[in-house]
Amino acid sequence: MNAIVALCHFCELHGPRTLFCTEVLHSPLPQGAGSGDISGQNEQAEEEEGGIQMSSRIRSHSPAEGASADSSSPGPKKSDMCEASGCRSLAGGHPGYVSHDKETSIKYVSHQHPNHPQLFSIVRQACVRSLSCEVCPGREGPIFFGDEQHGFVFSHTFFIKDSLARGFQRWYSIITIMMDRIYLINSWPFLLGKIRGIIDELQGKALKVFEAEQYGCPQRAQRMNTAFTPFLHQRNGNAARSLTSLTNDENLWACLHTSFAWLLKACGSRLTEKLLEGAPTEDTLVQMEKIADQKEESEGWDGSEEEEKPSPQPDVVEGQELSKCSPETSLMPDCNSWNVAHRRLSIFRSLRHMRQVLGASAFRMLAWHVLMGNQVIWKARDMDLVQSAFDVLRTMLPVGCVRIIPYSDQYEEAYRCNFLGLSPHVQIPPHILSSEFAVLVEVRAATRSGLYPALFDDEQSLNKYEFVVTSGSPVAADRVGPTILNKIEAALTNQNLSVDVVDQCLVCLKEEWMNKVKVLFKFTKVDSRPKEDTQKLLSILGAAEEDNVKLLKFWMTGLSKTYKSHLMSTVRSPTSSESRN
């Protein structure tokens, strides 16, 4: 966690002062910090707290590392220090503490003040505010303050017993500073519990020392029997005692370093970033509904095993495929083996590849019919070729708009499927061939080799085929067409975009237009607005052109049942509540 934890003290001579702070270093220590290791002080200790192992060592320090009397150091001047170390944690020559996190190679460094001047200023301001104006009622407890410029602070103020202090107690605070406000607020319960534990331990040690001193020499009675000159007496030399003296713990700063380092490590590990996918797309909802329907259907068959099962007629389910090569063939799986899937992929790899094979004008005609919901018929001997083509073309449509019969020995009506694969000998009705709501792709044997680009040098090379695209209503080259088709073609022709990027563009385009479909569905089917208002809405959506309107109406059939029922329930609920009133 990129934060600083500091212990602050309110000195009666100098005001708020920073006693001890621990910061995180993601980069190596400043030059010279590791070169002056003192062999006598290079003691290694394996520390484990809360499941975190760190190697802690004492290092020698340069003037840039710790509190120094040099004027170039960001710390306070020596003249501002209390004579009896009341405002000092580490001695002038103390090297400070460094803990190495072996898991992340992060170093936790503790000194009296941060090394960087800007960090020193931020910690100094947070220290002053925590012990002056930013306090909770009773002057003891947690509080949150800060801003974007100087960072955000979690501060917990508390008192430490001192038999020689005014009121027999001194004021301290432990502050946590970081720039991420949301992260710090979310860490409030964790920080409060752990810092409260550190404070309880300090107060417990100080209370034992206080009680022992009071038992030996009660200060309250002694003060009542002497002249009342406490503040002058304090300023004339009775300086504040150090925290190690108040707690009678010579290893206090080493323990605080361990606690602060573990606090930074644990607080940074408990919260992790997670990618939020948001609401499920319409394709996801439709697929979930299909899985649920298939599960119910399978359970229904399992419950009626003893009953006589009539031979079911082949049917088409949205997004699923049927094969009618023989009367015995029913629901066809997506692929029978890895080899079949590999062969399909080796024929048409992507929409861009199909566009290169068919040609720009033929592909535009085919894509226009696909997007409009017209019937797309492929006639070929190779089932895998037809299936590969449908696998690529279906990516332009929402899942709920896809109805496929991959291969059949007879023509099927458009209401049953919008993707139909036929063997070459199947006769197509003349009115379908001349219809403007159908497009035919005939795959013939190539009269000359080298017509199309081949991705693999095997028997599935497209050089063996010739593709003829015909329709009763060919799309004119100068026709504007639906907006999404123009954007798809722009993405396919942009060679700077990889195939994966084009696929993601296609997903975004489909989701954009499905959102427009949802608005139009609610506006027309649920709210029953007049036609004039619908035209205004289409203009706002940027879909007032004829082809765009046809596309929206066709894509409306692909909306999930979940979305439709949700809209109907939200519309009915106000009416029912009014009737009850």
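The values are calculated or read from the model by the stated rules, or taken from the named source; none is laboratory data. Everything numeric here is computed off the predicted structure, so don't read it as measured data. Quick reminder, even Gly has a Cβ in these numbers, built from the backbone with ideal geometry, and neighbours come from all protein chains shown. These accessible areas exclude ligands, DNA and RNA; they are computed on the full protein's heavy atoms, side chains included. Shrake-Rupley method; radii C 1.70, N 1.55, O 1.52, S 1.80 Å.
Of all residues in segment 404-415, which are open to solvent by 10 Å² or more (accessible area, probe 1.4 Å) and farther than 24 Å from ARG349 by Cβ? Can you show your working first?
Taking segment 404-415 as the starting set, the residues that turn out to be open to solvent by 10 Å² or more (accessible area, probe 1.4 Å) are 407, 409-415.
Across segment 404-415, the qualifying residues are ASP409, GLN410, TYR411, GLU412, GLU413, ALA414, TYR415.
Is it the case, given these coordinates, that THR534 is in contact (Cβ under 8 Å) with a residue 60 or more places away in the chain, assigned to a helix (DSSP H, G or I) and among the β-branched types (Val, Ile, Thr)? Explain how you work it out, then say what you get.
Details: in contact (Cβ under 8 Å) with a residue 60 or more places away in the chain: no; assigned to a helix (DSSP H, G or I): yes; among the β-branched types (Val, Ile, Thr): yes.
Taking the combined requirement at face value, the residue does not satisfy it.
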Please work out which one of (1) touching a helix residue (DSSP H, G or I) at 6+ places or on another chain (Cβ under 9 Å); (2) on the phi < 0 side of the Ramachandran plot is the condition GLY481 fails and give its number.
(2)
Are there any pairs, at least 6 apart or on different chains, whose C-beta atoms fall under 8 Å, with the first in segment 559-578 and closer than 28 Å to PRO398 by Cβ and the second at pLDDT below 80 and in a helix (DSSP H, G or I), and if so, which?
LEU559/GLU282; SER560/GLU282; TYR563/GLU282; LEU567/VAL526; MET568/VAL526; VAL571/VAL526
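So which residues in segment 392-430 are in a loop (DSSP other than H, G, I, E, B), aromatic (Phe, Trp, Tyr) and closer than 18 Å to THR557 by Cα? Steps first, please.
The initial filter retains those residues of segment 392-430 that are in a loop (DSSP other than H, G, I, E, B), namely 397-398, 402-403, 409-418, 423-429.
Going one step further and asking which of them are aromatic (Phe, Trp, Tyr), we end up with 411, 415.
Matches in segment 392-430: TYR415 only.
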Filtered residues of segment 354-379 (kept if more than 18 Å from PHE554 (Cα to Cα) and part of a helix (DSSP H, G or I)):
MET354, ARG355, GLN356, VAL357, LEU358, ALA360, SER361, ALA362, PHE363, ARG364
Are any residues in segment 149-183 free of Cβ contacts under 8 Å to residues at least 12 places away in the same chain and within 38 Å of the chain's Cα centre (by Cα), and if so, which ones?
GLN149, ILE182
Segment 537-556, residues that are surrounded by 14 or more Cβ atoms within 10 Å (Cβ to Cβ) and either in contact with a strand residue (DSSP E or B) (Cβ under 9 Å, 6 or more places away or on another chain) or touching a residue at least 40 places away in the same chain (Cβ under 8 Å) (or both):
ALA543, GLU545, ASP547, ASN548, LYS550, LEU551, PHE554, TRP555
Counting only residues that are open to solvent by 50 Å² or more (accessible area, probe 1.4 Å) and either more than 22 Å from GLU213 (Cβ to Cβ) or among the polar types (S, T, N, Q) (or both), how many does segment 148-168 have?
3
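Is segment 469-482 home to any residue that is under 22 Å from GLU282 (Cβ atoms) and in contact (Cβ under 8 Å) with a residue 24 or more places away in the chain? Steps first, please.
Within segment 469-482, the first condition is being under 22 Å from GLU282 (Cβ atoms), and the residues that meet it are 482.
If we keep only those that are in contact (Cβ under 8 Å) with a residue 24 or more places away in the chain as well, we get 482.
Yes; the residues of segment 469-482 include at least one that is under 22 Å from GLU282 (Cβ atoms) and in contact (Cβ under 8 Å) with a residue 24 or more places away in the chain.
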Can you name the condition, by its number, that GLN234 falls short on among (1) in a helix (DSSP H, G or I); (2) modelled with pLDDT of 70 or more; (3) surrounded by 15 or more Cβ atoms within 10 Å (Cβ to Cβ); (4) of a type outside the set (Gly, Ala, Ser)?
(2)
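Suppose we keep only residues that are of a type outside the set (A, V, I, L, M, F, W, C) and touching a strand residue (DSSP E or B) at 6+ places or on another chain (Cβ under 6 Å) within segment 258-308. Which one would you say is modelled with the highest pLDDT?
We begin by selecting, within segment 258-308, every residue of a type outside the set (A, V, I, L, M, F, W, C); these are 258-259, 265, 268-270, 272-274, 277-278, 280-284, 287, 289-290, 293-300, 302-308.
Filter again for touching a strand residue (DSSP E or B) at 6+ places or on another chain (Cβ under 6 Å), leaving 258, 265.
Values: THR258: 93, LYS265: 90.
So, considering only residues that are of a type outside the set (A, V, I, L, M, F, W, C) and touching a strand residue (DSSP E or B) at 6+ places or on another chain (Cβ under 6 Å), the one modelled with the highest pLDDT is THR258.
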